[in-house]
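Below is one structure, written out as structure tokens; the observations come after it.
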Amino acid sequence: MSTFADHVAGIGLLADPLRRELYLYVCAQPEAVSREQAADALGIAHHKAKFHLDKLEDEGLLTTEFARLTGRTGPGAGRPSKLYRRAADEFAVSLPGREYELAGQLMADAIAASAATGEPVIEALNRAAAEHGRSWGRAAIQSSASRRRAIDIASDALAQHGYEPRAEGKEVVLANCPFHSLASSHTEMVCGMNLALIDALADEVDGIRCSLEPADGRCCVVLSPK
């Protein structure tokens, strides 16, 4: 799974004007292109194009394949050329962290379930959020060292998804809501989704109580040890 650091590194590469031009050129082509094609299109040396294209490949913005551009095969056909095309991975960085793609997926799942079964959409949404929260909890337990406090394990998991957990006495408040703009316009629905997601994570980790305590400037859910 790509991390925030991976996304920052990938997007940071495009701050270089030449690298950005090469990336946009490759993305605009219907087929994979060679470094010679890219260099000629931009009017730069082939070795310079190779250097920047390989950097973009290393950070996951481009993917590569090998093929003979002449179409010839067999002895004397020459070595295959390395060809570049845009990678399928998506890169996005938001500060503070946001999870609108996750919200969209949970809502789409809920609408589909409601249409198929007649279950109220909000109930389907909270159930979908809980299923996702349980998967976060299981992953957190598997990756955590033994003998760590449950609330620390949960906090680390939530930090990876932009919640910005902060200890306040025995409680942990979540300084950021990854669904902020949605929460502003659909507060009750998003707070319920958040609670279902985080409560299910807490159930997997065990030893944590979640409560709905809305306040300005932070997520509506607060965690505390049982």
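Each of Gln29 and Gln105 was given a label point 7 Å from its Cα along the Cα-to-Cβ line. The distance between the two points is 3.2 nm. Our coupling estimate for segment 49-57, obtained by passing each phi through the Karplus curve with A = 6.51, B = -1.76, C = 1.60 and θ = phi - 60°, is 4, 4, 4, 6, 5, 5, 4, 5, 5 Hz, Gly and Pro reported as x.
Listed values for segment 116-128 are Karplus-derived 3J(HN,Hα) couplings in whole Hz (6.51 cos²θ - 1.76 cosθ + 1.60, θ = phi - 60°), namely 7, 10, x, 4, x, 4, 4, 5, 5, 5, 5, 5, 5, and x replaces Gly and Pro. Cβ-Cβ distance of Ala67 and Asp16, R₀ of 25 Å, FRET efficiency by 1/(1 + (r/R0)^6): the value works out to about 0.35. Here's the list of aspartates and glutamates a cross-link from Lys50 could span, going by alpha-carbon distance under 13 Å and ignoring same-chain residues fewer than 8 apart: Glu36, Asp40, Asp58. 3J(HN,Hα) along segment 203-214: 4, 5, 6, 6, x, 10, 10, 10, 9, 8, 9, x Hz, from the Karplus curve 6.51 cos²θ - 1.76 cosθ + 1.60 with θ = phi - 60°, whole Hz, x for Gly and Pro.
Using R0 = 25 Å, the C-beta based FRET efficiency linking Ile122 and Arg85 works out to 0.05.
Taking 0.36 nm per residue of sequence separation and removing the Cα-Cα distance, the Leu42/Ala115 pair yields an extension gain of 21.1 nm. Sort the chain into rounded, prolate or oblate with this rule: let a ≥ b ≥ c be the square roots of the eigenvalues of the Cα gyration tensor; rounded if a/c is under 1.5, and if a/c is not under 1.5, prolate when a/b is larger than b/c, oblate otherwise. The shape class here is prolate.
If the only charges are +1 at each Lys and Arg Cβ and -1 at each Asp and Glu Cβ, what is the size of the charge dipole of segment 100-225 around the Cα centre, to the nearest 20 debye? With Lys and Arg at +1 and Asp and Glu at -1, about 400 debye. Packing order of peptides 206-213, 79-86, 189-196, 40-47, highest average first: 189-196, 79-86, 206-213, 40-47 (average count of other Cβ atoms within 10 Å over each peptide's residues). Checking Cβ-Cβ separations below 4.7 Å across the chain identifies Cys27, Cys210 as cysteines lacking any candidate disulfide partner. Only DSSP H runs of four or more residues enter the estimate; each adds -39500 (n - 2.57), and after division by the residues of the chain the mean residue ellipticity at 222 nm equals -17000 deg cm²/dmol.
Measure nothing but the geometry: give the 0 to 90° angle between the long axis through the Cα atoms of 4-13 and the longest principal axis through the Cα atoms of the chain, rounded to 10°. Once rounded, one gets 30 degrees.
Bear in mind that the values in this text are calculations on the coordinates, not laboratory data. This is a predicted model, so every value here is computed, not measured. Because the Cβ atoms are built from the backbone with ideal geometry, glycine has one as well, and the counts that use them run over all protein chains shown.
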